[in-house]
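Enquirer: Just dropping this structure here.
The values are calculated or read from the model by the stated rules, or taken from the named source; none is laboratory data. What you see is a predicted model, and the numbers here were worked out from it, not measured in a lab. Virtual Cβ from ideal backbone geometry, glycine too; neighbours counted across all protein chains shown.
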């Protein structure tokens with residue numbers, strides 16, 4: 001069975017600085033998708049970034065980028081120029097390419113951006 | 001374009017009562033997923049439905065829980081004879097097809113059992 005591990009329960013960063021959130025996963029498959037979701041205090045689930053495993057190029061979305069290391073099964077999220085609005089829970093998620101589309105989530109990292 | 005709509009936002013039930021949670025997917029989306037989030041945990045998959053069909057219910061508890069997505073109207077997650085352990089946030093997500101990401105999430109229903 002696939003698993004997703006986020007080893008940092010909590011992190012903090014100063015406004016305008018850069019922070020990296022870690023995520024590792026376990027799968028025997030070669031075709032899959034990886035995601036980072038943000039859950040602010042309002043509890044919405046907001047997609048931050050997505051990566052297809054067959055793509056070697058790391059995905060980027062404005063201030064958010066990933067470091068996808070397929071051999072190491074690692075999928076970290078880098079947030080540059082952190083803003084107060086980035087304060088939230090961040091969840092890493094895995095979806096098997098052969099699945100029905102259900103997401104497997106990690107337990108999350110609580111990120112606090114300090115002024 | 002309306003997003004995924006879930007209601008109610010908060011639901012309070014006493015032990016033994018029934019809870020009904022509703023989810024209207026985004027327009028044009030025919031795939032619905034239900035997830036449960038326990039306190040201090042990530043989301044856990046429960047069930048995946050298409051119109052009038054349950055495709056994957058491998059994450060659903062075997063008893064008291066059921067889900068439907070009728071031809072007309074919202075998807076319903078039904079919990080019978082609720083217990084304290086059912087207290088959680090229940091999220092619905094929809095997508096046009098199972099591989100067409102992202103899954104768009106609703107704001108969730110927070111279920112509290114007294």
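Enquirer: Looking only at region B:42-61, filter to residues that are within 18 Å of residue A:37 (Cβ to Cβ) and part of a strand (DSSP E or B); which one of those is farthest from the other protein chains (Cβ to nearest Cβ)? Even if it seems obvious, please write down each step before you answer.
Expert: Here is the first cut: in region B:42-61, the ones within 18 Å of residue A:37 (Cβ to Cβ) are B:42-46, B:48, B:59.
Add one more test, that the residue is part of a strand (DSSP E or B), and what stays is B:43-46, B:48.
Working: B:43: 5, B:44: 7, B:45: 4, B:46: 9, B:48: 5 Å.
Top of the filtered list is B:46.
Enquirer: Additional query: Residues in region B:26-40 that are in a loop (DSSP other than H, G, I, E, B) and either out of contact with any strand residue (DSSP E or B) (no Cβ under 8 Å at 6 or more places or on another chain) or within 11 Å of chain A (Cβ to nearest Cβ) (or both): how many?
Expert: 4
Enquirer: May I ask you to list the residues in region B:96-114 that are at pLDDT below 90 and surrounded by 21 or more Cβ atoms within 10 Å (Cβ to Cβ)?
Expert: B:103
Enquirer: If you don't mind, there's one more thing I want to ask. Filter region A:91-107 down to residues that are touching a strand residue (DSSP E or B) at 6+ places or on another chain (Cβ under 6 Å) and free of Cβ contacts under 8 Å to residues at least 60 places away in the same chain, then give me how many there are. First the steps, then the outcome.
Expert: As a first pass, look at region A:91-107 and keep what is touching a strand residue (DSSP E or B) at 6+ places or on another chain (Cβ under 6 Å): A:91-97, A:100, A:102-106.
Next, only the ones that are free of Cβ contacts under 8 Å to residues at least 60 places away in the same chain stay: A:100, A:102.
Qualifying residue count, region A:91-107: 2.
Enquirer: Check region B:16-25 and report whether any residue there is outside any strand (DSSP E or B) and over 17 Å from residue B:68 (Cβ atoms). Break it down stepwise before answering.
Expert: Quick first cut of region B:16-25, residues outside any strand (DSSP E or B) only: B:16-18, B:25.
Narrowing the set further to residues that are over 17 Å from residue B:68 (Cβ atoms) leaves B:16-17.
Yes: region B:16-25 contains one or more residues that are outside any strand (DSSP E or B) and over 17 Å from residue B:68 (Cβ atoms).
Enquirer: Looking at region A:1-49, what strands (runs of 3 or more DSSP E) fall wholly within it and have at least 1 residues that are modelled with pLDDT under 95 and surrounded by 20 or more Cβ atoms within 10 Å (Cβ to Cβ)? Outline the logic, then answer.
Expert: Numbers: elements: A:3-5, A:10-14, A:19-21, A:24-26, A:32-39.
So the answer is A:32-39.
Enquirer: Would you mind finding the one in A:93, A:88, A:59, A:53 that is within 11 Å of another protein chain (Cβ to nearest Cβ) and either within 30 Å of residue B:30 (Cβ to Cβ) or at pLDDT 95 or above (or both)? Lay out the reasoning, then the answer.
Expert: Working: A:88 fails: within 11 Å of another protein chain (Cβ to nearest Cβ); A:59 fails: within 11 Å of another protein chain (Cβ to nearest Cβ); A:53 fails: within 11 Å of another protein chain (Cβ to nearest Cβ).
None of the other options fit; the residue is A:93.
Enquirer: Within region B:67-87, identify whether any single residue is within 9 Å of chain A (Cβ to nearest Cβ), under 22 Å from residue A:103 (Cα atoms) and surrounded by 13 or more Cβ atoms within 10 Å (Cβ to Cβ), and answer yes or no.
Expert: Within region B:67-87 (the criterion being within 9 Å of chain A (Cβ to nearest Cβ), under 22 Å from residue A:103 (Cα atoms) and surrounded by 13 or more Cβ atoms within 10 Å (Cβ to Cβ)), the answer is no, since none of the residues qualifies.
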